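Enquirer: The structure under discussion is supplied below as structure tokens; questions concerning it will follow.
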Amino acid sequence: MTDLERAPDAWTTIRVRMSPSPDQPAPSQAEALETLEGLAALLAERDDVGGVECRDPDAIAEGPDFEAPEVPELVVYTTPVNHEAVLSAIAALATTLGARTSTALEHHAGDDWRDVWKRHYRSLRFRSDTAALMIRPSWIPREDGDPELEVIIDPGRAFGTGLHESTRLCLQLLVDLGGFVDQAPARLADLGCGSGILSLAALRLFPGLASVVLVDLDPEAVETSAENLTMNGFALGEPESGPRITAVAMDLLATGAFPGAPVDLLLANIRPSVLGPAAPTLIAGLAPGGTLVLSGILDEEVDALLPAYAGAVEELARRSEGGWTALALRRAGDP
């Protein structure tokens, strides 16, 4: 082990990229990001992984320090003593996912890993005719003209810092919502809550919310959501004033229901492999006249997914970006 690796403040990054297969066409950027995000979610569960970060070359950044990768990549943060085990895990998990990957290892010393992350994040601003919202990391200050409503959220293990297209599309639809609903929602459920970013956005945009339920299969995502709620001035439980907020780890497909149903606004930024089978649960959990926002859907997957919701909902809006689509749907009936 080198002196650098022996340093008490040593840390290691492993950069993971997709490798072309000699007998298959190269994956599209959207397909590569999807695979790397799946790999990231599995790696984040390991105790020897300190953090995971997917980097999108199409992300629009602000500031001279931003460094966009040439192709989609996953950065895994670990320590020198654990890097061989993590490399083995990457190889095994990639094989399980049917992916060919390449890795590049680099050892570092000091606490500048925090600044490395910061170069790849920025403030995001969403506007419509009726509302405006900003998402910003805690280290980026507000600027003149920024939206009054904001969510402060820092990168971590849980998916959903706002940089991925599926998250951005959901956020824009939430900001658009005032333009195509007659009344603000009172009850919200966020399925596949990740970092809690969508619930936080809704709490800012709809201050009259009485109840909010956050659900994720991953208990760590639920814990991260709770931390981000606290950072933004909200708390779980039964406060004397403000919304009642609940966060729970559960398998939506196994249970066939979620707490708090029926709700007026249902958010589900999940892949179609769940959105399809879970359609009866989502429809049943949505109040008549309620709004359902679906995301995590590749453009080419929309037509195959919509029949699962046919007859129960009508399409209000559709947004697409970078090969991904999000839908706003309304359940039939009067609220």
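Enquirer: Along Cα→Cβ, 7 Å out, is where each label goes; now give me the distance between the ones at GLN183 and MET231 in nm to one decimal.
Expert: 3.5 nm
Enquirer: Along the principal axes of its C-alpha atoms, what lengths does the chain span, in descending order and rounded to whole Å?
Expert: For the chain, the Cα extents along the three principal axes come out at 67, 48, 35 Å.
Enquirer: What dipole magnitude, in Debye to the nearest 20, does the chain give about its Cα centre under +1 on Lys/Arg Cβ and -1 on Asp/Glu Cβ?
Expert: It works out to roughly 560 debye.
Enquirer: Output wanted: per-residue J couplings in Hz (rounded whole) for the stretch 71-87, from phi through Karplus 6.51 cos²θ - 1.76 cosθ + 1.60, θ = phi - 60°, x for Gly and Pro.
Expert: 9, x, 8, 10, 10, 10, 9, 8, 10, x, 5, 9, 5, 5, 5, 5, 4
Enquirer: With r defined as the distance between the Cβ atoms of ASP58 and GLU315 and R0 fixed at 35 Å, what FRET efficiency is calculated, to the nearest 0.05?
Expert: Taking R0 as 35 Å, the efficiency between ASP58 and GLU315 is 0.85.
Enquirer: Mind giving me the nanometre distance, one decimal, between the label points for SER102 and SER21, set 7 Å out from Cα along Cα→Cβ?
Expert: Simple spin-label model gives 1.8 nm for this pair.
Enquirer: Something else about it: Just subtract the alpha-carbon distance of ASP129 and ALA85 from 0.36 nm times their residue separation and send over the number in nm, one decimal.
Expert: 10.7 nm
Enquirer: Follow-up question, since we're still on this one. Over the chain, average the accessible area per residue using a 1.4 Å probe and give it in Å², no decimals.
Expert: 45 Å²
Enquirer: Which FRET efficiency value, to the nearest 0.05, is calculated for LEU253 and ASP146 with the Förster distance at 41 angstrom and r the Cβ-Cβ distance?
Expert: Calculated transfer efficiency: 0.55.
Enquirer: While we're on this one: Given 0.36 nm per residue, what is the gain on full extension from GLN29 to GLU70 after removing their alpha carbon distance, in nm?
Expert: 13.7 nm
Enquirer: Would you give the gap between the C-alpha center of the stretch 297-334 and the C-alpha center of the stretch 242-291, rounded to a whole Å?
Expert: Taking the Cα centre of the stretch 242-291 as reference, the centre of the stretch 297-334 is 15 Å away.
Enquirer: Between SER138 and ARG46, what FRET efficiency comes out of the Förster formula 1/(1 + (r/R0)^6) with R0 = 22 Å and r the beta carbon distance, rounded to 0.05?
Expert: 0.25
Enquirer: Please check: in the Gaussian network model of the chain (C-alpha springs, under 10 Å), which one of VAL263, VAL222, VAL313 has the largest mean-square fluctuation.
Expert: VAL313
Enquirer: While we're here: Who wins for biggest fluctuation among ALA94, ALA104, ALA221 in a Gaussian network model of the chain, springs between alpha carbons below 10 Å?
Expert: Of ALA94, ALA104, ALA221, the Gaussian network model singles out ALA104 as fluctuating most.
Enquirer: Still on this structure: Report the residue, chosen from ALA30, ALA268, ALA92, that carries the largest GNM mean-square fluctuation when the chain is represented by alpha-carbon nodes joined by springs under 10 Å.
Expert: Taking springs between Cα atoms under 10 Å, the residue moving most is ALA92.
Enquirer: In nm, what is the difference between 0.36 nm times the number of residues separating GLU220 and ALA284 and their Cα-Cα distance?
Expert: Gain on extension, GLU220 to ALA284, equals 20.3 nm.
Enquirer: Helix-only mean residue ellipticity at 222 nm, the chain, DSSP H runs n ≥ 4 weighted -39,500 (n - 2.57), per residue, nearest 500. What is it?
Expert: So the calculated ellipticity at 222 nm is -7500 deg cm²/dmol.
The values are calculated or read from the model by the stated rules, or taken from the named source; none is laboratory data. Fair warning: this is a prediction, and the values are worked out from it, not measured in the lab. Reconstructed Cβ throughout: ideal geometry from the backbone, glycine too, with neighbour counts over all protein chains shown. Just so you know, the surface numbers come from the protein's heavy atoms only, side chains and all, with ligands and any DNA or RNA stripped out. Shrake-Rupley method; radii C 1.70, N 1.55, O 1.52, S 1.80 Å.
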